[in-house]
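Heads up, the thing below is written out as structure tokens.
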Amino acid sequence: KEGQERQVTLDYRIPNDVAILGFANSGKTSLFNALTGQNSKVAHYPFTTTSCFWANCEYEFKRFSILDTPPFKKSKDSSNLGQNYFLRHIFRSKILLLLSDKASGADEDFKDLKKEISLVQPSLIKGKKIFYLLSKVDTIDKEARGKNLRFSVKDPESIEKLKKKIAKSL
């Protein structure tokens, strides 16, 4: 009614189908660029990506949106939970791509990533399809790769296989 006041807080969340998550320098933006054809900045130092970006990807007439996120920071205690603020954007993601560039420590990385997401909000990980990816496979010993899905952004065939897996899962 006339003369009424209301305070409203708007929380913007980037709509996306697939979110790419990982620690610093794990190859998130390189994968994002390979999947979407974008040319986002990639560098050999940590925290090159400072905010979320999204773009569309197509595979056999199926279109889906992919979100590139800044790197995770491990929380030492509950006072650091706000540092992964970008996680609110994965609320509507159907698929999470968890990246690690360490073959011998990949399982630990994946466990830590899932823990960090759950610390912010446990519902962010429930009901989502999760792909565990080893990136930078050209630098990883073949025997140490294990059972994780491997890809190389330099190999168009492995990127096509990943697109196919994503499209089938949506």
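FYI, it's all coordinate maths here, none of it is from the lab. Remember, it's a predicted structure, so these values are computed and weren't measured experimentally.
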Rounded if a/c is under 1.5, else prolate if a/b is larger than b/c, else oblate: which is segment 1-47, with a ≥ b ≥ c the root eigenvalues of its Cα gyration tensor? prolate
Counting DSSP beta bridges with both partners in segment 1-128, what percentage is antiparallel, nearest 5? 45
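Want the number for Ser104 to Leu10: 0.36 nm per residue separation, take away the alpha-carbon distance, what's left?
Values: separation 94, 0.36 × 94 = 33.84 nm, distance 4.24 nm.
Here the answer is 29.6 nm.
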